[in-house]
1. Can you pull out every residue in segment 176-193 that is under 25 Å from the mean Cα position of the chain (by Cα), of a type outside the set (Ser, Thr, Tyr) and in a strand (DSSP E or B)?
2. If Val56 satisfies every condition in (1) touching a residue at least 60 places away in the same chain (Cβ under 8 Å); (2) loosely packed, with under 15 Cβ neighbours inside 10 Å; (3) β-branched (Val, Ile, Thr) but one, which is the exception?
3. Limited to segment 94-123, what total is found for residues that are β-branched (Val, Ile, Thr) and exposed (fewer than 12 other Cβ atoms within 10 Å of the Cβ)?
4. What is the one condition in (1) within 16 Å of the chain's Cα centre (by Cα); (2) closer than 24 Å to Val215 by Cα; (3) small (Gly, Ala, Ser) that Ala87 does not satisfy?
5. Go through segment 43-141 and tell me which strands (runs of 3 or more DSSP E), entirely inside it, have 3 or more residues that are under 16 Å from Leu180 (Cα atoms) and at pLDDT 95 or above.
Amino acid sequence: MDPLMPPNLKLKRLMKTIFNILLISVGSCCLALAQKNASASPTGFIRVVNGVAQGVGTIKVLIDGDDMRPKGYNLGEATGGIGLSAASHKVTFKKEGVKEGTTNVTLEKDQTVTLIPFAEKVPATDQVPAHYKIQILRLKQKEVESGRTASFVSVSAIPEIKVELQDEEGKFTTIYVKRLSVAETPLNYSQGYAPAKVNGDSIKPIPIGGSGNYVVVLFDDAEGKIQSIYFRDFKFLSAD
């Protein structure tokens, strides 16, 4: 700065320089925050349907080490879509009395991956007694659905389940659902509750509203009886 410059002009120039430095700093901070927020914005989703009957208490769901609900989830309880970034995420399921299970899920933008934890018995060895371990069935969306479709998914121990689905005219359609797979059928029911049976026994009717894929998850309770839970998707699902 020129030593012959009047003091008041020196002060003005100094103030202007400080202001410009602060302006650049604030702008940089705002940009950094915007980038951080953009990367943290939910772009994909994970849905969990609890099918683990064995063990004690509720199941804990940890995503990248974070407990999604400290009180856990009961058998047959489903989450909504848990919003996450489009990236790879580690999902761990824990329940007292059952060996934990873990999977890695790579989410894509606007994609929902459904995870269904269930327990399988592991035979005894010379080193380890027989025990139950959490396994995970993963369902991925594959294409946009128009109209109404029913998708039946089984994590029951029964190798194949006979499902009878009633339409609005009272006629039944029979579908066979293999274990750890998805069976789809057109849903000829526009509104209300569609009656259904599994292996001849009635289950809770399926609540039907607008267009979409109505998913029925079949699982065993602690006594080995088949139970069901429903959720609505807007795409077909495939077992991964």
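1. The answer is Val177, Lys178, Val182, Ala183, Glu184, Pro186.
2. Only one criterion in (1) touching a residue at least 60 places away in the same chain (Cβ under 8 Å); (2) loosely packed, with under 15 Cβ neighbours inside 10 Å; (3) β-branched (Val, Ile, Thr) is unmet by Val56, namely (1).
3. 1
4. (2)
5. The qualifying strands (runs of 3 or more DSSP E) are 112-122.
The values are calculated or read from the model by the stated rules, or taken from the named source; none is laboratory data. The model shown is predicted, which means the values in this text are computed figures rather than measured ones. Here the Cβ is made from the backbone with ideal geometry for all residues, glycine too, and neighbour counts use every protein chain on show.
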